[in-house]
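*Asks:* Quick one: this structure, given as structure tokens, is what I'll be asking you about.
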Amino acid sequence: MGSGQPAQGATAERIEEVLAAPLAELGLDVEAVELTPAGKRRVLRVAIDTDGGLTLDDVAAATKVIDRVLEADGPAGGAEVMGTLPYTLEVTSRGVDRPLTLPRHWRRNAGRLVKVVTTGETGERDDLLGRIVTSDDEGVVLDVAGAEVRLGYGDIGKALVQVEFNRRPAAGAQEHDEHDEHDVEIGEADDQDDQDNKHDQQDQHDPQDQQDRVDNKDKDAR
């Protein structure tokens, strides 16, 4: 028998497909969908992001939409994909541990310190540590030790945001920017946001429990 991982991966891909459009209406992007077994249940983790940074209100709104979509039947719903096995839904922010792979990731992390592994035409690899100055659809400009370096996305093998404490404001930002006031300790803030989001927006989904509640209502009515 197989491990079930390919099937879970296919299910996660299908879930991402049905969630993308409804969440886009809220101005949210689906960054990752993970479906993992947890005893007799499953854990469905959906990571989302948006321009300007994710808020708890965004997470709450996204959770309601995800619940509605995954319980809906038909081609636009996810009821058939999720099946009858109960699951726990966790909606989280993207966090800092996911690689920057799309232009929007670079745009949303302007001013952040990143570690970049570059791959040249000869296959040589080089590590760069720099701060994101600006980016567009073709590439990014990094401040590396005071010098600006332009990289095309095709030259970047991997890029990760680095955890910083007392992060300095981005170039051109006001000294007391409202975002900086809430961003004194980036590592702790990001990690705590993820934990808060997971804790506050963790829903239990058990089709059998839902059916039992319906049956009980019918009995009460009689």
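*Asks:* List every residue pair whose Cβ atoms lie under 8 Å apart, where the two residues are 6 or more positions apart in sequence or sit on different chains, the first residue falls within region 131-143 and is of a type outside the set (A, V, I, L, M) and at pLDDT 95 or above, and the second residue, located anywhere, is open to solvent by 60 Å² or more (accessible area, probe 1.4 Å) and assigned to a loop (DSSP other than H, G, I, E, B).
*Replies:* ASP143/ALA171
*Asks:* LEU129 is checked against (1) out of contact with any helix residue (DSSP H, G or I) (no Cβ under 8 Å at 6 or more places or on another chain); (2) surrounded by 14 or more Cβ atoms within 10 Å (Cβ to Cβ) and fails just one. What number does that condition carry?
*Replies:* Only one criterion is unmet by LEU129, namely (2).
*Asks:* What about LEU19, is it of a type outside the set (Val, Ile, Thr) and under 29 Å from THR134 (Cβ atoms)?
*Replies:* Taking the combined requirement at face value, the residue does not satisfy it.
*Asks:* From the list GLU148, GLU90, pick out the single residue that is of a type outside the set (Gly, Ala, Ser) and either loosely packed, with under 12 Cβ neighbours inside 10 Å or more than 19 Å from the chain's Cα centre (by Cα) (or both).
*Replies:* GLU148
*Asks:* From the list VAL33, VAL59, which residue is under 21 Å from GLU13 (Cβ atoms) and among the β-branched types (Val, Ile, Thr)?
*Replies:* Result: VAL33 is the single residue among VAL33, VAL59 that is under 21 Å from GLU13 (Cβ atoms) and among the β-branched types (Val, Ile, Thr).
*Asks:* Could you grab the pairs with beta carbons closer than 7 Å, sequence gap of 6+ or different chains, first residue in region 21-45 and among the hydroxyl-bearing types (Ser, Thr, Tyr), second one surrounded by 19 or more Cβ atoms within 10 Å (Cβ to Cβ)?
*Replies:* Going by the 7 Å Cβ cut-off, the qualifying pairs are THR36/ARG42.
*Asks:* Still on this model: I'm checking my understanding of the structure. Among residues of region 93-117 that are closer than 11 Å to VAL161 by Cβ and of a type in the set (D, E, K, R), which one is surrounded by the fewest Cβ atoms within 10 Å (Cβ to Cβ)?
*Replies:* Restricting to residues being closer than 11 Å to VAL161 by Cβ and of a type in the set (D, E, K, R), the top hit is ASP97.
*Asks:* Sticking with this structure for a sec: Looking at (1) open to solvent by less than 20 Å² (accessible area, probe 1.4 Å); (2) among the polar types (S, T, N, Q); (3) closer than 27 Å to VAL163 by Cα, can you tell me which one THR134 breaks?
*Replies:* For THR134, the exception is condition (1).
*Asks:* Can you work out which of the residues in region 67-87 that are aliphatic (A, V, I, L, M) and under 18 Å from GLU25 (Cα atoms) is most open to solvent (accessible area, probe 1.4 Å)?
*Replies:* Out of the qualifying residues, it is ALA76.
*Asks:* Give me a count of the residues in region 42-66 that are of a type outside the set (Val, Ile, Thr) and surrounded by 15 or more Cβ atoms within 10 Å (Cβ to Cβ).
*Replies:* 9
The values are calculated or read from the model by the stated rules, or taken from the named source; none is laboratory data. Treat the numbers as computed from the prediction; the structure is a model and nothing was measured. With ideal geometry, Cβ positions are generated from the backbone for all residues, glycine too; neighbour counts draw on all protein chains shown. Remember, those area values only see protein heavy atoms, side chains included, never the ligands or the DNA or RNA. Shrake-Rupley method; radii C 1.70, N 1.55, O 1.52, S 1.80 Å.
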